[in-house]
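For reference, the structure discussed in these notes is given below.
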Amino acid sequence: SLLLEAGFLAVLVAPLRLLKWRSTAWRPHDSVTFWLVRWLLFRLMFASGVVKLTSRCPTWWGLTALTYHYETQCIPTPAAWFAHQLPVWFQKFSVVATYVIEIAIPLLFFAPIRRLRLFAFYSQVLLQVLIILTGNYNFFNMLTIVLAFSLLDEEHVGRWLGRSKRRHASSESLAWPPSLRSFLSTLLELSTYSLLLYWSVQSFGLEINWEKRLLDSKVAFTYHEFTMWLRAVTLPLVGLGFLSLSWEILSALYRCACIRGCFWKLWATLQWAVFATATVGMFAISLVPFTYIDYESNGKLWPGIHQMFSAVERFQVVNSYGLFRRMTGVGGRPEVVLEGSYDKQTWTEIEFMYKPGNVSAAPPVVAPHQPRLDWQMWFAALAHHSSSPWFTSFVYRLLQGKEDVIRLVQVDESRYPFSAQPPVYIRAQLYKYWFTSSAEGGQGPAPWWRRQHLQEFFPTVSLGDPALESLLNQHGLKDKPSPQRSADALLPWLLRSLRQLVRPFSGPAVLWSLYLVAATICLLRALGRRPRGGPRRGEPTDRGGAEKNGQVRRKEAKEAEEKGEGRARGAADSHGGTKKKK
């Protein structure tokens, strides 16, 4: 959902330019469409923090969610094991920090002071980087960081790239004396930080325990108080967004009016009108999924907005968000372990590439790759196998020895125990997994996991088994004739060629190779555009060299002038001497 909405916004933020003439890197209305990215980031983060409390999950209300999160998430990383070993008081404080970053700090996205927006930016990036280090969530966190770039300005990004530009003193003093404006800005900034700290201490009972040398924390408000607060702020937040958008639209209109040339001013104003209308429309329909966090506020929206949202809902250009609403696996991480056999006596576990199985295997790092099968196995373990009909088809394909399905389990055939011949029987067992503690060391390599068998997840079946056939028929998963396609068609041939090309490599290796190739191309293009000699356009030249060159030029001009005057005197003398001779 996030990728679909961000992709649609990219059409507005960076549309394809068919007219290359008179194209510039910056357009007056760019800030209007770019504001939608900031609004998407705000809805994503604020809703993600709110739903943790509206769900009434006892782990989120007790601030103990992260004591379970690291080991129960879909596909943890090795760093998740180390994070799981942190003391409980630190885990609870981390939950408090998560609430502050997701609920309170997003309000600063629309702050008029740039340093507050920069503080909000680095807070969001910090949270996403920590999630990337401790969990494999494909491209999601990287995409969120990209959305957070909407909080930056050209000056700050220029510092990263080493080409920052100082603000002119004249522009600083247009509306206010610089000293007074800077003083008030600093005062407001410090007041915001103080208010944020005070709110955090009061809302979560932060108190230093000097005897135990730890930081105590607890939720200091009730569910009723929180829902009343949420109901009171939801519509004002909509108003805050509207005021921020209105300011961007009016500022863009002023920039259009400042463009030189009647034609180009009219052209910029026309573009501003089109993109401003599209931005206001996107903002309006996004209010429906945003106010899902409080249904009473949702019912107060203008009925026309609901009708507009219903018309585009199926395209998912705007969505509601709410991450980690409830913490699963509180009593241990449920995990499905597949087993195969040839004689129904000796069973061999089928190990997956990414999900936990072998207790001695380290958790992998696979982001930004999304291993769909391993991810769905995590969801399948949360309920009965009948809730995941695809699992029956998965077992059926393994019994058939389908190569494409086996490659979803293991790319390396040597690690698949039935690569030579498909198993005759397959069953699935349900286990509970926990991270080992740092004290569970012993001889040999220490295991990453410990597990306990719970029950049978899927009964023992084989090809032709009546129970398997019944399940396949029940879910409509029996073999169906595939549609006839021309073997010489270009697209099927191209896809087969690509699959054969990447066949020996894992998903993360393919993705990172593509990213590195793209980064290399961008780097080479940037180096190719860089002028080989002399300063870049728009950059100040070396003052020392300029002064030296100016002195040389003045000296050469003076010498040339003196030579010219000498020639003139010589010509005049020769002319006078000739007249005397005559």
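The values are calculated or read from the model by the stated rules, or taken from the named source; none is laboratory data. What you see is a predicted model; the values in this text were computed from it and never measured. Virtual Cβ from ideal backbone geometry, glycine too; neighbours counted across all protein chains shown. The accessibility values were calculated without ligands, DNA or RNA, using every heavy atom of the protein model including side chains. Shrake-Rupley method; radii C 1.70, N 1.55, O 1.52, S 1.80 Å.
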Checklist outcome for this item: Each label sits 7 Å from Cα toward the beta-carbon; between residue 161 and residue 510 the label points are separated, in nm, by 3.3
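Which of the pairs 52/432; 355/478; 218/432; 402/478 have their Cα atoms more than 18 Å apart in this structure?
On the way: 52/432 25 Å; 355/478 28 Å; 218/432 29 Å; 402/478 15 Å.
Correct reply: 52/432; 355/478; 218/432.
So, R0 is 41 Å and r is the distance between the beta-carbons of residue 129 and residue 469; what FRET efficiency does that work out to, to 0.05? If you can, show how the numbers build up before the last one.
Values: r = 50 Å, r/R0 = 1.21.
Taking R0 as 41 Å, the efficiency between residue 129 and residue 469 is 0.25.
Between beta-carbons, use under 10 Å as the cut-off and find the net charge around residue 460, counting Lys and Arg +1, Asp and Glu -1. List each step's numbers first, then the result.
Values: positive: 344, 427; negative: 339, 456, 465.
Computed value for this residue: -1.
Taking all protein chains together and a probe of 1.4 Å, list 522, 262, 256 from the most accessible to the least accessible.
Details: 522 85, 262 115, 256 0 Å².
Ranking 522, 262, 256 by accessible area, largest first, yields 262, 522, 256.
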Checklist entry - With +1 on each Lys and Arg Cβ and -1 on each Asp and Glu Cβ, how big is the dipole of the range 203-289 about its Cα centre, in debye rounded to the nearest 20? => result 400
Item to check | Gyration tensor verdict on the range 297-446 (Cα atoms; rounded if a/c is under 1.5, prolate if a/b is larger than b/c, oblate otherwise) | outcome: prolate
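Quick one: length gained pulling residue 479 to residue 3 fully straight, 0.36 nm per residue minus the C-alpha distance?
Gain in length upon complete extension: 168.0 nm.
Quick one: net charge of residue 300's neighbours, Cβ under 12 Å, K/R +1, D/E -1?
On the way: positive: 231; negative: 294, 296.
That works out to -1.
Would you mind working out the accessible area per residue for the range 305-345, using a 1.4 Å probe, and quoting it in Å²? Write out the running numbers ahead of the final one.
Numbers: 2190 Å² over 41 residues.
It amounts to 53 Å² per residue over the range 305-345.
At a Förster radius of 22 Å, what calculated FRET efficiency corresponds to the Cβ-Cβ distance of residue 139 and residue 312, to the nearest 0.05? The partial results should precede the final answer.
Numbers: r = 24 Å, r/R0 = 1.10.
Result of the calculation: an efficiency of 0.35.
Can you give the extra length, in nm with one decimal, that the chain gains between residue 295 and residue 199 once fully stretched, where that is 0.36 nm per residue apart less the Cα-Cα distance? Intermediate values should be presented prior to the final figure.
Values: separation 96, 0.36 × 96 = 34.56 nm, distance 2.57 nm.
Here the segment from residue 295 to residue 199 would lengthen by 32.0 nm.
Just to verify a number: FRET efficiency for residue 379 and residue 498, C-beta to C-beta distance, R0 = 25 Å, to 0.05? Let's see the in-between values first.
Values: r = 29 Å, r/R0 = 1.15.
For residue 379 and residue 498, the calculated efficiency is 0.30.
I need the shape label for the range 217-353. Rule: rounded when a/c is under 1.5, else prolate if a/b > b/c, else oblate, with a, b, c from the alpha carbon gyration tensor. Mind dumping the intermediate values first?
On the way: a/c = 3.13, a/b = 1.86, b/c = 1.68.
Prolate shape, in that a/c is at least 1.5 and a/b is the bigger ratio.
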Item to check | Computed accessible area, residue 235, all protein chains, 1.4 angstrom probe, square angstrom | outcome: 60
